[in-house]
1. Could you tell me which of the residues Ser71, Ser35 is surrounded by fewer than 15 Cβ atoms within 10 Å (Cβ to Cβ), at pLDDT 95 or above and either of a type in the set (S, T, N, Q) or part of a helix (DSSP H, G or I) (or both)?
2. Residue under question is Ala88, and the condition is that it be modelled with pLDDT of 95 or more and either among the polar types (S, T, N, Q) or closer than 20 Å to Tyr28 by Cα (or both); does it hold?
3. Anything in region 1-15 that is closer than 12 Å to Pro112 by Cα and in contact with a strand residue (DSSP E or B) (Cβ under 8 Å, 6 or more places away or on another chain)? List them, or say none.
4. Of all residues being under 17 Å from Asp22 (Cα atoms) and touching a His at 6+ places or on another chain (Cβ under 9 Å) in region 113-140, which is surrounded by the fewest Cβ atoms within 10 Å (Cβ to Cβ)? Just the residue, please.
5. Name the residue that is nearest to the ligand (Cβ to nearest atom), counting only residues in region 38-47 that are in contact with a Ser or Thr (Cβ under 9 Å, 6 or more places away or on another chain) and part of a helix (DSSP H, G or I).
6. Could you please find all residues in region 1-33 being more than 16 Å from the ligand (Cβ to nearest atom) and either in contact with a His (Cβ under 6 Å, 6 or more places away or on another chain) or of a type in the set (Lys, Arg) (or both)?
7. Would you confirm, using the coordinates I've provided, whether Lys18 is surrounded by 15 or more Cβ atoms within 10 Å (Cβ to Cβ), of a type in the set (D, E, K, R) and under 16 Å from Pro112 (Cβ atoms)?
8. Could you please let me know if Ala3 is outside any helix (DSSP H, G or I) and either surrounded by fewer than 17 Cβ atoms within 10 Å (Cβ to Cβ) or touching a residue at least 12 places away in the same chain (Cβ under 8 Å) (or both)?
Amino acid sequence: MIAIGSDHGGYELKEAIKKHLDEKGIEYKDFGTFSEESVDYPDYALKVAEAVASGQFEKGILLCGTGVGISIAANKVPGIRAAHVSDAFSARYSKEHNNANVLCMGGRVVGPGLAAILVDEWLNAEFQGGRHQKRLDKITEIEKKYSR
Ligand code: RB5
């Protein structure tokens, strides 16, 4: 089950991605926003990031205008590895190498066709473990170092 969310800048792309997920029969929960009215992206990053970090949802998708702000905010939640992507190679390797549990894109950057490809690359890829796990463990150590 995927948790999906956006601010107003990512709203239109969120709706397009939901349609794509519907067509593929992939289940999701929409955490908002639900219109193009201006909102603050950290609020939606937090909702989706907590849903994933708690284990309630396996993966998350987050959109804002550029994908930058919402990925920065999501990555503040311990356990979140949010990948901001706009090309298929990065989308695939964000899972294979980084085990990204949240995919971020910019609604003012990526069109709906490319977004569908990026989502599919990420969803169909598998984490390769091994030397990559060692590196993720080091990221967890950084989180621990700065957690209060
Ligand atoms: C909102 O105007 C915009 O700043 C936001 O969607 C995003 O691009 C931030 O990184």
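The values are calculated or read from the model by the stated rules, or taken from the named source; none is laboratory data. Note that the structure is a prediction, hence the values are computed from the model and not measured. Quick reminder, even Gly has a Cβ in these numbers, built from the backbone with ideal geometry, and neighbours come from all protein chains shown.
1. Ser35
2. Numbers: modelled with pLDDT of 95 or more: yes; either among the polar types (S, T, N, Q) or closer than 20 Å to Tyr28 by Cα (or both): no.
No, not satisfied.
3. The initial filter retains those residues of region 1-15 that are closer than 12 Å to Pro112 by Cα, namely 10-15.
Hits for region 1-15 are Gly10, Tyr11, Leu13, Lys14.
4. From region 113-140, those under 17 Å from Asp22 (Cα atoms) are 113-124; that's our starting set.
Narrowing the set further to residues that are touching a His at 6+ places or on another chain (Cβ under 9 Å) leaves 115-116, 119-120.
Values: Ala115: 25, Ala116: 18, Val119: 22, Asp120: 16.
Among residues in region 113-140 that are under 17 Å from Asp22 (Cα atoms) and touching a His at 6+ places or on another chain (Cβ under 9 Å), the one surrounded by the fewest Cβ atoms within 10 Å (Cβ to Cβ) is Asp120.
5. Of all residues in region 38-47, those in contact with a Ser or Thr (Cβ under 9 Å, 6 or more places away or on another chain) come to 39, 41, 43-45.
Imposing the further condition that a residue be part of a helix (DSSP H, G or I) reduces the set to 41, 43-45.
Working: Tyr41: 5, Asp43: 12, Tyr44: 10, Ala45: 10 Å.
Ranking the candidates gives Tyr41 first.
6. Selection gives Lys18, Lys19, Lys24, Lys29.
7. Details: surrounded by 15 or more Cβ atoms within 10 Å (Cβ to Cβ): yes; of a type in the set (D, E, K, R): yes; under 16 Å from Pro112 (Cβ atoms): yes.
So Lys18 passes the test.
8. Values: outside any helix (DSSP H, G or I): yes; either surrounded by fewer than 17 Cβ atoms within 10 Å (Cβ to Cβ) or touching a residue at least 12 places away in the same chain (Cβ under 8 Å) (or both): yes.
When the stated conditions are applied, Ala3 passes them.
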